[in-house]
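This report refers to the structure that appears directly beneath it.
Taken together, the values in this text are just the output of simple stated rules run on the coordinates, not laboratory data. Since we're looking at a predicted model, the values are computed, not measured. Glycine also receives a Cβ, built like all others from the backbone with ideal geometry; neighbour counts cover every protein chain displayed.
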Amino acid sequence: MTSTNPVLIILRPNRGDSPREPPGASLLTHPDALSARRPLCSIRGMGRHLPERQLTNADLEKIMDTSDEWIVQRTGIRSRRVLPDDWITSDLAVASAEAALQDAAIDRSEIDLLIVATVTPDHLCPSTACVVQRKLGMAGVPALDISVACSGFGYALSLAAGMIASGLHRNVLVIGAEAMTRFMNYEDRTSSILFGDGAGAVVVSPEGRFDVLYTDNGADGALAEMIEIPGGGAREPASDKTLADRRHFVTLRGREVFKTAVRQMSLSTRQAVEALGLTTDDIDWLIPHQANARIIEAVGENLGLPSEKVVIDIGDKGNTTAASIPIAMTGVYEAGGFLPGQIIVLVGFGAGAAWSCQVVRVRG
Ligand code: UT7
């Protein structure tokens, strides 16, 4: 079957082996990609859920050697959300999904694929997506988790785009959901001050309000130990020792993540706009993964973007890992920020190391 509608195709035959080494000029894009009549897919609606309970810097001051001043200055975070004691990750996911389904004005019976991006699943097995599917009353719909940490939402969106572009699926519910506070070692002041809980979701369809023009993902497993939850897997099965050594919590090499994140998110964004024949001046909204306000500011500066185009949403939420991009995007959307024709860049970097970038255009 041939199509007269041009589709943007990204092929990367030669992957770089490090974010420090860009993967070479191997992007193939349709020359008329930006005006393509048929984008890869379109976001039809979005929603989010943020728990009401807050863990403030003042609360942290009471349990560890830190200060509000240090945390605000180094991260931009004042408080983070904490899910209710009787909630789990799937509950956050369901709440955000309900909001996205409503916004998309689509009946859940029309959803034919469900993807949950999370590194804080309800349990190792089965997938959180299957629990979400049950809670949403969507029996029979294929459901899977993907574990790509802070780039999980971008990877999931790419997966949805590929499924829709190939015709294998039509309406995909993509959720980023995290209960990060359940995996914090509050004896480690470097990592535990950063993370919070929340979820964001989108409905992705062939037709919608936000056309996905471009998507690209990358990873460098050589950096796998940079951010990890070392215990509880096959390498270090749960034992008295792993518990005593607090191996079941997030650990990170903060400075290294900081520098690599700035470099890779700047590079990914440049590659994305160039692939579409655009420049960074054409970006109306940069919505990066919310790891640290200083990381985001540095990326904005690298790209020469004015601060009003760069979304920093971390102050009252902390880093919500796979949920941070859909949460931030829904925040701008609900505030009426997106205007017809605007170009939005979503870009993430995190554990893996893995990174992800999408360009979305608001339909006129
Ligand atoms: O989404 C991907 C996951 N995100 C990340 O991995 C986060 C990326 N990294 C960061 O956001 C930053 O590197 C941090 C916020 C984690 C740390 O900020 P930094 O400016 O890179 O500080 P640092 O690690 O270089 O530490 C500077 C000082 C150290 O003290 P000394 O050695 O200079 O005496 C730390 O012990 O700050 C100390 N410190 C703290 N002080 C008060 C570290 N954490 C804290 C704290 N409160 N919470």
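Hey, which lysines would be in cross-link range of K62, C-alpha to C-alpha under 22 Å, not counting anything within fewer than 8 residues on its own chain?
Correct list for K62: K317.
Between H123 and A244, what is the label-point separation in nm under the 7 Å Cα-to-beta-carbon projection?
That separation, rounded to one decimal, is 2.8 nm.
Assuming 0.36 nm per residue, please report the length gained on full extension of the stretch A105 to T279 beyond their Cα-Cα distance.
59.2 nm
Taking 8 Å as the Cα distance limit and 6 or more residues as the minimum spacing, I'd like the relative contact order of the chain as a percentage.
It comes to 24 percent, rounded to a whole number.
Tell me the net charge near G200. Cut-off is 13 Å between Cβ atoms, G200 excluded, with +1 for each Lys or Arg and -1 for each Asp or Glu.
Net charge around G200: -3.
Magnitude of the Cβ-charge dipole of the chain, K/R +1 and D/E -1, about the Cα centre, nearest 20 debye?
500
Just grab the label-to-label distance for R74 and R235, each label 7 Å out from Cα along the Cβ direction, in nm (one decimal).
2.4
Per residue of the chain, what 222 nm ellipticity follows from adding -39500 (n - 2.57) for every DSSP H run with n ≥ 4, rounded to the nearest 500?
Only helices count here, giving -8500 deg cm²/dmol.
With a point put 7 Å past each Cα toward its Cβ, work out how far S307 is from R270 in nm, to one decimal.
2.4
What does the charge count around A179 come to, taking other residues whose C-beta lies under 14 Å from its C-beta (Lys +1, Arg +1, Asp -1, Glu -1)?
My count for the surroundings of A179 gives -2.
On C-alpha positions alone, give me the angle between the axis of helix 89-104 and the longest principal axis of the chain, in degrees, nearest 10.
30
If you look at just the Cα atoms of the chain, how large are its Rg and its Dmax in Å?
19.5, 65
Mean separation of Cα pairs under 8 Å and 6+ residues apart, divided by the residue count of segment 79-221: what relative contact order is that in percent?
32
Which of the peptides 184-195, 236-247, 67-78, 86-97 is most tightly packed, and how do the rest follow, going by the mean number of other Cβ atoms within 10 Å of each residue?
The peptides rank, most packed first, as 86-97, 184-195, 67-78, 236-247.
Please list the equivalent ellipsoid semi-axes of segment 161-315, computed as the square roots of five times the alpha-carbon gyration tensor eigenvalues, in descending order and whole angstrom.
Square roots of five times the eigenvalues give 32, 22, 15 Å.
Rank the residues S205, S151 as a footprinting-exposure proxy: fewest other Cβ atoms within 10 Å of their Cβ go first.
Exposure proxy ranking, most exposed first: S205, S151.
Express the relative contact order of segment 212-362 as a whole percentage, based on alpha carbon pairs under 8 Å and six or more residues apart in sequence.
36
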